[in-house]
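Peer 1: Here it is, the structure, as structure tokens.
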Amino acid sequence: AKSSGRCALSFFDPTMQAELLARVRLENELSQALANEEWRLHYQPQVDQEGRCIGVEGLLRWQHPERGLVMPGEFIPLLESTELINPVGDWVLEAACQQLAQWAHQPGFAELSVAVNVSPLQFRQVDFVNKVESILQRTGAPSHRLKLEVTESLFVEERDDAREKMRQLKQQGVRFSLDDYGTGYSSLAYLAHLPLDQLKIDQSFVQQVIDSKANAAIVESTIALAQSLSLEIVAEGVESDAQQAWLLAHGCQAYQGFLFGQPMPLDVLEAWLRHESLA
Ligand code: C2E
Ligand code: CA
Ligand code: CA
Ligand code: CA
């Protein structure tokens, strides 16, 4: 009786109960967000060595009726723990492909690639390959402009299954980028056996290249190794001219970060692109 009393006591702990209620409420709101059309895709430019925009990364936002624009850090973990990430991930893919299909006929936009983040849970769905193929068909998006960003954690378990799905999607023209490189457990030597096209150096390394010799050495050897494996290199989180200059000097091919542009809604991005192409 004493132990169950203690259990009951901790369950009705008022702060814990408040947290639990807040979480349940958030989960309910998230499950309604799709039907209420509250998801938004913002786009952050990626530029080449000359500063020309070559593509964008689509980043998810939640337009909450009361709280305004909510950032992914606040809801992605919950989506992933409830499997809601699957329908939301479908929405993201659909939105990105619709955009690609629209840009395909617009001069100045037709060459852009669109990258989207795919969570491991979403990628592991048995029908993931079919889903992507049917979205590509339905929207008419050029498949070779779609880039899927995956993380090292995808390859910790069921690596063969992931590799096979990548192979099938690559046959359709879809490209793959390894996101947040350097923050996981895998080594590049090991990842070299996956059909990757691109490697994104995590912003935690990029933001330290000037101040930390150790980080600079890591980035330098990562670029060299990627080059020898014919992987494209993108640096993310580039915030200063000094960082960009350092990366350029060390052979980095593409850049993404606040220095070039923040993630922005479609209309702002399109205005930004028109302005950039005139500059
Ligand atoms: P990520 O894929 O690593 O995306 C890059 C994050 O860094 C974005 O944050 C972006 O706004 C931010 N960022 C870009 N440039 C800079 C910079 O120069 N300085 C700094 N300090 N930050 C920069 P955001 O949009 O808050 O997204 C956070 C994470 O949420 C993403 O990290 C990604 O893991 C996840 N995420 C976003 N959209 C989706 C989605 O559609 N599906 C899934 N599964 N995850 C998503
Ligand atoms: Ca990403
Ligand atoms: Ca990243
Ligand atoms: Ca990240």
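Peer 1: Based on what the data block shows, is Glu83 modelled with pLDDT under 95, under 18 Å from Asn36 (Cα atoms), open to solvent by 70 Å² or more (accessible area, probe 1.4 Å) and away from ligand 3 (no atom under 16 Å from the Cβ)?
Peer 2: no
Peer 1: Out of the residues in the range 160-185 that are of a type in the set (Ser, Thr, Tyr) and touching a Leu at 6+ places or on another chain (Cβ under 9 Å), state the one that is nearest to ligand 4 (Cβ to nearest atom).
Peer 2: Step one: of the range 160-185, the residues of a type in the set (Ser, Thr, Tyr) are 177, 181, 183, 185.
Okay, now just the ones that are also touching a Leu at 6+ places or on another chain (Cβ under 9 Å), so 177, 181.
Details: Ser177: 12, Tyr181: 10 Å.
Once the filter is applied, the top-ranked residue is Tyr181.
Peer 1: Does Gly108 qualify as being modelled with pLDDT of 95 or more and surrounded by fewer than 16 Cβ atoms within 10 Å (Cβ to Cβ)?
Peer 2: Answer is no for this residue.
Here is a yes/no grid of residues against (1) away from ligand 1 (no atom under 16 Å from the Cβ); (2) at pLDDT 95 or above; (3) more than 16 Å from Ala249 (Cα to Cα); (4) open to solvent by less than 30 Å² (accessible area, probe 1.4 Å):
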site	(1), (2), (3), (4)
Lys170	yes, yes, yes, no
His193	yes, no, yes, no
Ala214	yes, no, yes, no
Gln227	yes, no, no, no
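Peer 1: Of the residues that sit in the range 172-188 and are open to solvent by less than 20 Å² (accessible area, probe 1.4 Å) and at pLDDT 85 or above, which one is farthest from ligand 2 (Cβ to nearest atom)?
Peer 2: Top of the filtered list is Val174.
Peer 1: Any idea which residue in the range 195-207 is farthest from the chain's Cα centre (by Cα), counting only those that are more than 10 Å from ligand 1 (Cβ to nearest atom) and buried (at least 18 other Cβ atoms within 10 Å of the Cβ)?
Peer 2: Phe205
Peer 1: Consider the range 126-160. How many of its residues are at pLDDT below 95, over 16 Å from Lys200 (Cβ atoms) and of a type outside the set (A, V, I, L, M, F, W, C)?
Peer 2: The qualifying residues number 4.
Peer 1: From the list Arg25, Arg67, Arg52, pick out the single residue that is under 30 Å from Glu232 (Cα atoms) and not polar (S, T, N, Q). Let's see the steps before the verdict.
Peer 2: Working: Arg25 fails: under 30 Å from Glu232 (Cα atoms); Arg67 fails: under 30 Å from Glu232 (Cα atoms).
Answer to the check: Arg52.
Peer 1: All but one of (1) open to solvent by less than 60 Å² (accessible area, probe 1.4 Å); (2) assigned to a strand (DSSP E or B); (3) within 16 Å of ligand 2 (Cβ to nearest atom) hold for Trp62; state the number of the condition that does not hold.
Peer 2: Evaluating Trp62 over (1) open to solvent by less than 60 Å² (accessible area, probe 1.4 Å); (2) assigned to a strand (DSSP E or B); (3) within 16 Å of ligand 2 (Cβ to nearest atom) leaves (3) as the failure.
Peer 1: Look through Ile233, Ile223 and report the one residue that is open to solvent by less than 20 Å² (accessible area, probe 1.4 Å) and within 16 Å of ligand 3 (Cβ to nearest atom).
Peer 2: Within the list Ile233, Ile223, the selection yields Ile233.
Peer 1: I would also like to ask the following. Starting from the range 194-208, keep only residues that are under 16 Å from Gly184 (Cβ atoms), then list their pairs with residues that are within 11 Å of ligand 1 (Cβ to nearest atom) and of a type in the set (Phe, Trp, Tyr) whose Cβ atoms are within a distance under 7 Å, requiring at least 6 positions of separation or different chains.
Peer 2: Here the result reads Leu199/Tyr181; Lys200/Tyr181; Ile201/Tyr181; Asp202/Tyr181, each pair linking the range 194-208 to a residue that is within 11 Å of ligand 1 (Cβ to nearest atom) and of a type in the set (Phe, Trp, Tyr).
Peer 1: Something else now. Taking the range 144-160 as the search range and keeping residues that are in a helix (DSSP H, G or I) and farther than 15 Å from Ser119 by Cα, which one is least open to solvent (accessible area, probe 1.4 Å)? Before you say what the answer is, go through the steps one by one.
Peer 2: Step one: filter the range 144-160 for residues in a helix (DSSP H, G or I), giving 144-145, 152-155, 159-160.
So of that shortlist, the ones also farther than 15 Å from Ser119 by Cα come out as 144-145, 160.
Numbers: His144: 96, Arg145: 51, Asp160: 106 Å².
The extreme case among them is Arg145.
So that you can scan it fast, the table gives a plain yes or no per residue for (1) free of Cβ contacts under 8 Å to residues at least 60 places away in the same chain; (2) under 16 Å from the mean Cα position of the chain (by Cα); (3) part of a helix (DSSP H, G or I):
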position	(1), (2), (3)
Leu78	yes, no, yes
Val88	yes, yes, yes
Val92	yes, yes, yes
Cys97	yes, yes, yes
Glu111	yes, no, no
Leu121	yes, yes, yes
Val126	yes, no, no
Ser134	yes, no, yes
Arg138	yes, no, yes
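Peer 1: Consider only pairs whose beta carbons are under 8 Å apart and that are at least six residues apart or on different chains; among these, list those whose first residue lies in the range 165-186 and is at negative phi and whose second residue is polar (S, T, N, Q) and within 10 Å of ligand 3 (Cβ to nearest atom).
Peer 2: Cβ pairs passing all conditions: Leu178/Thr151; Asp179/Asn117; Asp179/Thr151; Thr183/Ser204; Gly184/Thr151.
Peer 1: Now for a different question. State whether the residues of the range 258-279 include one that is within 16 Å of ligand 2 (Cβ to nearest atom) and of a type in the set (Val, Ile, Thr).
Peer 2: no
Peer 1: Another question, then. Confirm whether Ala254 is modelled with pLDDT under 95, among the aliphatic types (A, V, I, L, M) and either more than 16 Å from ligand 3 (Cβ to nearest atom) or touching a strand residue (DSSP E or B) at 6+ places or on another chain (Cβ under 9 Å) (or both).
Peer 2: no
The values are calculated or read from the model by the stated rules, or taken from the named source; none is laboratory data. Here the structure is a predicted model, which is why all the values come from computation and not from measurement. Heads up, the Cβs are rebuilt from the backbone with ideal geometry, glycines too, and the neighbour counts pull from every protein chain shown. Note: accessible area is taken over every heavy atom of the protein model, side chains too, but ligands, DNA and RNA are not part of it. Shrake-Rupley method; radii C 1.70, N 1.55, O 1.52, S 1.80 Å.
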